[in-house]
Amino acid sequence: MDNELASLGVIFTEFYYWLTVVMMFLIHVGFCMYEVAVSRHKNHMHTLMKNTMVIPLVTITFYFFGWWIYFAFPNGPGIIGGLIDAPHAKGWSQLMGPHMGGSGDPDGWARINGVFWAAFLLFSWTAASIVSGSVIERIRSNAFWILAVLIGSVFWIIDAAWGWHADGWMVKLLGYHDAYASGVIHAIAGGFALGILFVLGPRIGKFRKDGTARTIHPRNPWLYTVGLFVLYTGFWGFYVACNIPMWDIQSGDGVFYSATNIYLAPTTLSAITVNFLMSLSGGLLMGYIVSKGDAYWTYSAGLAGIIAASAGNDLYHPIQALLVSALGVLIIYKLHYWVERTFKIDDAVGAVAVHGYAGFYGVVIAGFILWGYPSSPNPDYASVNPLGQFIGALIMFGLLGFIPGWLFAKILNAFGALRIPKEIELIGLDTAANIQRLKDEQEILSAEHEALKK
Amino acid sequence: MSTGNFENWAGEISEIGAIYPFVGTEFVLWLIGMGLFILWLVIQYRSENKQLEDERKKYGNAETIKKLLDVENPEQF
């Protein structure tokens, strides 16, 4: 930090990620609001607290070990190499705390480590929050929090090391390209949620005796409207956080500074801003048509539209982003109801469709549209191709999403620690507390009447 | 006396390194943090089990459940 211009670059980058973190905080606000809006009156507070406690639990575990996984696992380990030494990311590294750099910081992490960690952490919350909505009104909070730590601080960050790292083995061998995390956040979290739902089972009353599904309507349309708008707002921060703001991308002689995606390949903030809006629009337009103007599904489709185009939104033409998102929403909407009917899956907020299927589709279709594009500035890495993207989507949704979700839900279920008792589900998780509150209020009211008499 | 690595900001700032108190205790702090995380999960697991069981005993009979189902808002209960 002894050169004014270089220091400005470092401090700008530090501020850039800090800003994305603040913006992304809104994602969690939005998730909490729309989850509560979907839950029934008898479960509101439990639903809220279940998702709120994701914040501290995923934060501390991502600090303790999640961050280290990202830097240590790009080779697998065991797929193309061993563990990579990442001293700055260990939970006991001096560089995880306030640090002035210098000789104890040979790679220059002192000022960036904290904000970069926090940006990734907000992705971790998102992954856990995606799962949270699907399982409301019947999962035990403790079981959910264990699962939240697994998806938020272990599995998603393994997939990020593999496919969302400049030197991840999936980028090198498969040409995997997923600029704004269709697969690495959304497909994996949707797959994880689906795995849990297979074990957890539907809410009581969700399916008729003939196997057809009843609709449990969201309880508060205004709250989910605000929630999803807030979530869109936070999603801007998510997109910006996926970029590196300033990097010399010129190979060979010369210097050319640009924003890059996470693979250090060039893009511009302008491009991703337009594509974000066009893919949101494509999702909303198609969502309104397929759901026949249903507000919840239309808003959700806006989100699904962005997710469907996110893998390639650093490079798509804006009208390509629009078309990719609209087609994606058509597919995921149909798929949601087909899976619900066929497997009796009760996904309370539609998160498996909006995140899981849209993310899977987004990764796969990017393989066709970006076929032959370099996946990385490194010319030795595989280029983007449909097979590599398809395998990548399977790894994200299936290998690191569905299978661990199903497996750990099975383990919790075997100990009777996954689902709440039937009686509690029927009366509602908040009912006892609500009755106690009413008794307390009655007692205060009586005391006030007595005071009036005196 | 200072709990930190330095007693003033004079000199070469970049050579100060870590600026939090008790530098050198990071691994112990990490162990304490991990321990507290696990302890929190255990305490919460027991507490949640007890709460669910108590509520099941108190409100879990068929008659009470029927009453509560008829009035989704317990303020009408």
Residue, least open to solvent (accessible area, probe 1.4 Å), within segment B:41-66, restricted to residues that are more than 8 Å from chain A (Cβ to nearest Cβ) and farther than 22 Å from residue A:428 by Cβ: B:42
Contacts under 6 angstrom Cβ, first residue in segment A:109-131 being of a type in the set (Lys, Arg), partner surrounded by fewer than 21 Cβ atoms within 10 Å (Cβ to Cβ), 6 or more apart: A:111/A:10; A:111/A:14
Of the criteria (1) modelled with pLDDT of 95 or more; (2) over 23 Å from residue A:31 (Cα atoms); (3) not β-branched (Val, Ile, Thr), which one residue A:210 fails: (1)
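Test residue A:143 against the stated conditions and say whether it is open to solvent by less than 10 Å² (accessible area, probe 1.4 Å), of a type in the set (A, V, I, L, M, F, W, C) and more than 17 Å from the chain's Cα centre (by Cα). Full working, then the answer.
Numbers: open to solvent by less than 10 Å² (accessible area, probe 1.4 Å): yes; of a type in the set (A, V, I, L, M, F, W, C): yes; more than 17 Å from the chain's Cα centre (by Cα): yes.
Against the criterion (open to solvent by less than 10 Å² (accessible area, probe 1.4 Å), of a type in the set (A, V, I, L, M, F, W, C) and more than 17 Å from the chain's Cα centre (by Cα)), residue A:143 qualifies.
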Only one of A:110, A:118 that is within 28 Å of residue B:9 (Cβ to Cβ), open to solvent by less than 50 Å² (accessible area, probe 1.4 Å) and at pLDDT below 95: A:110
Residues located in segment B:24-40, provided they are open to solvent by less than 90 Å² (accessible area, probe 1.4 Å) and facing another protein chain (nearest Cβ under 7 Å): B:26, B:30, B:33, B:34, B:37
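Listed residues A:80, A:11; which is of a type in the set (Val, Ile, Thr), open to solvent by 30 Å² or more (accessible area, probe 1.4 Å) and more than 28 Å from residue A:395 (Cα to Cα)? Please lay out each step first, then the result.
Values: A:80 fails: more than 28 Å from residue A:395 (Cα to Cα).
When all the criteria are applied, what remains is A:11.
Of the residues A:416, A:372, A:428, only one is touching a strand residue (DSSP E or B) at 6+ places or on another chain (Cβ under 7 Å) and either free of Cβ contacts under 8 Å to residues at least 12 places away in the same chain or on the phi > 0 side of the Ramachandran plot (or both); which?
Values: A:416 fails: touching a strand residue (DSSP E or B) at 6+ places or on another chain (Cβ under 7 Å); A:428 fails: touching a strand residue (DSSP E or B) at 6+ places or on another chain (Cβ under 7 Å).
Going through A:416, A:372, A:428 in turn, just one is touching a strand residue (DSSP E or B) at 6+ places or on another chain (Cβ under 7 Å) and either free of Cβ contacts under 8 Å to residues at least 12 places away in the same chain or on the phi > 0 side of the Ramachandran plot (or both): A:372.
Could you tell me whether segment A:109-121 includes any residue that is in contact with a Pro (Cβ under 8 Å, 6 or more places away or on another chain) and within 14 Å of another protein chain (Cβ to nearest Cβ)?
Taking segment A:109-121 first, the residues in contact with a Pro (Cβ under 8 Å, 6 or more places away or on another chain) are none.
There is no residue in segment A:109-121 that is in contact with a Pro (Cβ under 8 Å, 6 or more places away or on another chain) and within 14 Å of another protein chain (Cβ to nearest Cβ).
Each row is one residue, and each column tells you yes or no for (1) farther than 19 Å from residue A:131 by Cα; (2) among the hydrophobic types (A, V, I, L, M, F, W, C); (3) crowded, with 23+ Cβ neighbours inside 10 Å.
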| position | (1), (2), (3) |
| --- | --- |
| A:330 | yes, yes, no |
| A:334 | yes, no, no |
| A:354 | no, yes, yes |
| A:357 | no, no, yes |
| A:367 | yes, no, yes |
Entirely in segment A:140-181, the helices (runs of 4 or more DSSP H) that have 2 or more residues that are more than 14 Å from chain B (Cβ to nearest Cβ): A:156-163, A:169-174
Elements of type helices (runs of 4 or more DSSP H) in segment A:357-454, at least 1 residues being away from chain B (no Cβ under 14 Å): A:358-369, A:386-394, A:403-414, A:431-453
Residues that are farther than 15 Å from residue A:63 by Cβ and away from chain B (no Cβ under 13 Å), drawn from segment A:80-92: A:80, A:81, A:82, A:83, A:84, A:85
Total residues in segment B:67-77, condition facing chain A (nearest Cβ under 9 Å) and either modelled with pLDDT of 90 or more or open to solvent by 80 Å² or more (accessible area, probe 1.4 Å) (or both): 3
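When segment B:9-23 is examined, which residues are found to be more than 9 Å from chain A (Cβ to nearest Cβ) and closer than 19 Å to residue A:1 by Cα?
Let us first name the residues in segment B:9-23 that are more than 9 Å from chain A (Cβ to nearest Cβ), namely B:9-11, B:21-22.
Correct list: B:9, B:10, B:11.
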Residue list for segment B:1-23, restricted to those being surrounded by 10 or more Cβ atoms within 10 Å (Cβ to Cβ) and in contact (Cβ under 8 Å) with a residue 12 or more places away in the chain: B:4, B:5, B:6, B:17, B:18, B:19, B:20, B:21, B:22, B:23
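I need the helices (runs of 4 or more DSSP H) fully contained in segment A:5-79, keeping only those with at least 1 residues that are away from chain B (no Cβ under 14 Å).
Numbers: elements: A:44-52, A:54-61, A:67-72.
Answer list for segment A:5-79: A:44-52, A:67-72.
The values are calculated or read from the model by the stated rules, or taken from the named source; none is laboratory data. Model, not experiment: these values are computed from the prediction. Counting neighbours? That spans all protein chains shown, and the Cβs are built from the backbone with ideal geometry, glycine included. With ligands, DNA and RNA removed, areas are computed over all heavy atoms of the protein, side chains included. Shrake-Rupley method; radii C 1.70, N 1.55, O 1.52, S 1.80 Å.
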